[in-house]
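Have a look at this one.
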Amino acid sequence: ALLAVMYKTPHDAAAFDKHYFEKHIPLAKKIPRLRKYEVSSDARRTVQYHLVAFLHYDDVAAIQKAFASAEGQAAVADVQTFATGGADIFMFDTHARCDSSSRNQNTGAEAAPVFSYSRPPVGRGDP
């Protein structure tokens, strides 16, 4: 199973990157049942996302248990401290299969948003 966290372009990319790589990743790597943690970004910066994190787990139940833990809750709370552009989180239930050439392929059910965090623009809000 896969949890994809898609971070939208932050107000201050340098501050985001500093917090993300120095504080958030070490915090997130403490989440129980995590098998693999990957980070990717659009090198050309042509999409609305600044960075995407892929967290791999054995199954959806492992993701649910992981984020019910104190470490999982701390990681979720931390997102709100640095993701000034917001973040979309999707969960995928992946299945491995072999085709006729014996290559492994990942196929998954449709993804549904698990959590979406949007911070209002700075200096804007209700009067």
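The values are calculated or read from the model by the stated rules, or taken from the named source; none is laboratory data. Remember, predicted model here, so these are calculated numbers, not experimental data. Remember, those area values only see protein heavy atoms, side chains included, never the ligands or the DNA or RNA. Shrake-Rupley method; radii C 1.70, N 1.55, O 1.52, S 1.80 Å.
Residue by residue through the range 11-24, what is 3J(HN,Hα) from phi via Karplus (6.51 cos²θ - 1.76 cosθ + 1.60, θ = phi - 60°)? Round to whole Hz and write x for glycine and proline.
For the range 11-24, the Karplus curve yields 5, 10, 4, 5, 5, 4, 4, 4, 5, 4, 7, 8, 10, 6 Hz.
Then there is this: For the range 1-92, calculate the relative contact order in percent as a whole number, restricting contacts to Cα pairs under 8 Å that are 6 or more residues apart. Before the final figure, lay out each step's value.
On the way: 152 pairs, mean separation 47.2, N = 92.
51 percent.
Continuing with the same structure: Would you mind getting the accessible area per residue of the range 1-100, heavy atoms of the protein chains only, 1.4 Å probe, in Å²? Can you show the working numbers first?
Numbers: 5430 Å² over 100 residues.
Value for the range 1-100: 54 Å² per residue.
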